[in-house]
Amino acid sequence: MSSIKIEEVRPHAERFAAHSHIRGLGIRNGKVEFSADGFVGQTEAREAAYIVVKMIKEGKFAGKGVLIVGPPGTGKTALALGIARELGPETPFVALSGGEIYSLEVKKSEFLMRALRRAIGIKIREWRRVYEGEVRSVEFRYGRHPYNPYLQRVLGATIKLRTKDDEKTLRVPAEIAQQLIELGVEEGDVIMIDEETGTVSVAGRGEGGEQYDVPARRRVEIPKGPVYKEKEVVRFFTLHEVDMSLARQRGLISAMIFGFAEETKEIPDEVRRQADEIVKKTVEEGKAELVPGVLFIDDAHLLDIETFAFLTRAMETEFAPIIIMATNRGFAKVRGTDIEAPHGIPQDVLDRLVIIKTRPYTAEEIREIVSIKAREQNIALGEDALKLLTSIGVEHSLRYALQLLVPAYIIAKERGRSSVAAEDVEYVRGHFISTKESVEYVKSLEGKFLR
Ligand code: ADP
Ligand code: ADP
């Protein structure tokens, strides 16, 4: 990509923290395991998703999409993310809710176009100046956020890297320290920092590092040679980033304070066409590779007829991501029409979708998911606490049970314990109610407050 200068690449803020434990569909030797890659149960849906992955990989899914139907909290989002992860570790995953397209700031078509282009990745091989090595130690410097006193902010870090032949101590600024935190970098990880962009990437765990279950890292060799060197590396962009970069270079978009201006300005078609041309040329020259990702649209029944038409057209273009929709509605009016249709989705769109269903969880599945989420957040759970959370999950919802984890942990700590007990869960469950309870509560009051 020599004719275009891309200013900076920051890893996207983790919007999917709730799904950070999902690392794939949990396939081992071609079979779905009950619990693997952070995924538990929901076996038939995962098997179906795996068939979709195979169709995509064989190039037999062009012009098609996926619809996932099932009650809230049954892993529809997790399933879509699992498909993306299964397609490759770098496969972009963009999630939005049907309701989001009715933003007051941006035209629907612009919002959708951005989402579609965020879901297309471009991998470029380039020679870069980098620091690379195994982490010997890492220390963070913290301070208060300049405006928001409730936010702690990392100010920087000091990190010691070694190779088989060299060792260097680096003082890195906040942008890099923030990435180290988000990536969970610790002693024993082999990492690389791009000198110019400051992008951090983790190769895996060096031979010396201990291996924990979560997050799982690949074993890698400790690099040889100097820590600071020139190396051929793979850089990653999205098509949207290329659009923005071009628009900025032409002065069509200025980086205003907080970047709000960038989010509201429309990118002209002509800029997008030019971006497409550049990308195509770079791919043809063998310098780049296209990585189509997944665009996940939850609450698809909220989309309107215009949007469906737009998406259908998008599915047929050469830069199309895999479109996965989800809904928990049965029959509904297609928005913008008087037509009733299954899931509020027009028939011509439904014709292109393979439908996967998710079912409510069993107690065994809920128990396993709760313990995985607890382990991932370093929360020790007593047996009685896990039992109680499981039964809360069965009676109310998996989401509610998962939401109680951190509050229960905070209460346990306050009470001087390092492990969450049933009484901590009991306490917080009395203070935070489930959706089922909140609806019943409001209903019970309606009679009293009738005007
Ligand atoms: P939905 O999209 O159907 O409303 P989510 O995918 O958001 O449901 O699931 C709710 C939470 O439970 C998320 O944190 C999700 O990652 C987790 N989760 C759901 N199903 C599973 C599963 N089968 N295995 C592991 N975690 C799951
Ligand atoms: P309709 O217009 O009645 O809804 P379509 O013509 O779209 O049905 O048919 C649905 C699918 O089945 C299409 O892929 C079509 O090519 C295929 N199909 C329908 N009838 C036949 C047939 N008699 N022989 C072969 N393929 C058929």
- Note on the structure: Among (1) outside the structural domain of Arg399 (by TED's automatic domain parsing); (2) within 16 Å of ligand 1 (Cβ to nearest atom), Val334 falls short only on (2)
- Search result, residues across the stretch 50-107 that are assigned to a loop (DSSP other than H, G, I, E, B), of a type outside the set (Gly, Ala, Ser) and within 16 Å of ligand 1 (Cβ to nearest atom): Pro71, Pro72, Thr74
- Message: Filter the stretch 362-380 down to the residues that are in contact (Cβ under 8 Å) with a residue 60 or more places away in the chain and in a helix (DSSP H, G or I) and list them by number.
- Response: Glu364, Glu365, Glu368, Ile369, Ile372, Lys373, Arg375, Glu376
- Task: May I ask you to say which residue of Leu161, Leu155 is surrounded by fewer than 16 Cβ atoms within 10 Å (Cβ to Cβ) and either in contact with a Lys or Arg (Cβ under 8 Å, 6 or more places away or on another chain) or hydroxyl-bearing (Ser, Thr, Tyr) (or both)?
- Result: Leu155
- Message: Based on this model, can you work out whether Tyr102 counts as over 19 Å from the mean Cα position of the chain (by Cα), closer than 30 Å to Glu186 by Cα and among the aromatic types (Phe, Trp, Tyr)?
- Response: no
- Message: Can you list residue pairs whose Cβ atoms sit under 7 Å apart, with the first residue in the stretch 99-118 being within 9 Å of His240 (Cα to Cα) and the second being acidic (Asp, Glu) and assigned to a helix (DSSP H, G or I)? Count only pairs 6 or more apart in sequence or on different chains.
- Response: Arg117/Asp243
- Message: Val394 - would you say it is touching a helix residue (DSSP H, G or I) at 6+ places or on another chain (Cβ under 6 Å), of a type in the set (A, V, I, L, M, F, W, C) and touching a residue at least 12 places away in the same chain (Cβ under 8 Å)?
- Response: yes
- Query: Among the residues of the stretch 312-331 satisfying the criterion of being modelled with pLDDT under 95, closer than 30 Å to Ile122 by Cβ and among the hydrophobic types (A, V, I, L, M, F, W, C), which is farthest from ligand 1 (Cβ to nearest atom)?
  - Reply: Phe319
- Kindly indicate the residue of the stretch 421-451 that is more than 28 Å from the chain's Cα centre (by Cα) and outside any helix (DSSP H, G or I) and also nearest to Tyr361 (Cα to Cα) among those meeting that condition. Ala421
- Task: Kindly check whether there is at least one residue in the stretch 125-133 that is over 27 Å from Glu230 (Cα atoms), in contact with a Lys or Arg (Cβ under 8 Å, 6 or more places away or on another chain) and of a type outside the set (D, E, K, R).
- Result: no
- Could you list, in sequence order, the residues of the stretch 326-361 that are touching a residue at least 24 places away in the same chain (Cβ under 8 Å) and either surrounded by fewer than 12 Cβ atoms within 10 Å (Cβ to Cβ) or part of a strand (DSSP E or B) (or both)? Ala326, Thr327, Ala332, Arg335, Asp348, Leu353, Val354, Ile355, Ile356, Lys357
- Task: Test Ile323 against the stated conditions and say whether it is in a strand (DSSP E or B), β-branched (Val, Ile, Thr) and either buried (at least 18 other Cβ atoms within 10 Å of the Cβ) or outside the structural domain of Ala115 (by TED's automatic domain parsing) (or both).
- Result: yes
- Among residues of the stretch 362-389 being touching a strand residue (DSSP E or B) at 6+ places or on another chain (Cβ under 6 Å) and charged (D, E, K, R), the residue surrounded by the fewest Cβ atoms within 10 Å (Cβ to Cβ) is Glu368
- Residues of the stretch 129-171 that turn out to be in a strand (DSSP E or B) and touching a Gly at 6+ places or on another chain (Cβ under 7 Å), as a count: 8
- Message: I'm trying to understand the selection: among the residues of the stretch 31-46, which are within 13 Å of ligand 1 (Cβ to nearest atom) and not in a loop (DSSP other than H, G, I, E, B)?
- Response: Val32, Ser35, Ala36, Phe39, Val40, Thr43, Glu44, Ala45, Arg46
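The values are calculated or read from the model by the stated rules, or taken from the named source; none is laboratory data. Since the model is a prediction, treat every value here as computed from it, not as a measurement. Glycine gets a Cβ as well: all are built from the backbone with ideal geometry, and neighbour counts include every protein chain shown.
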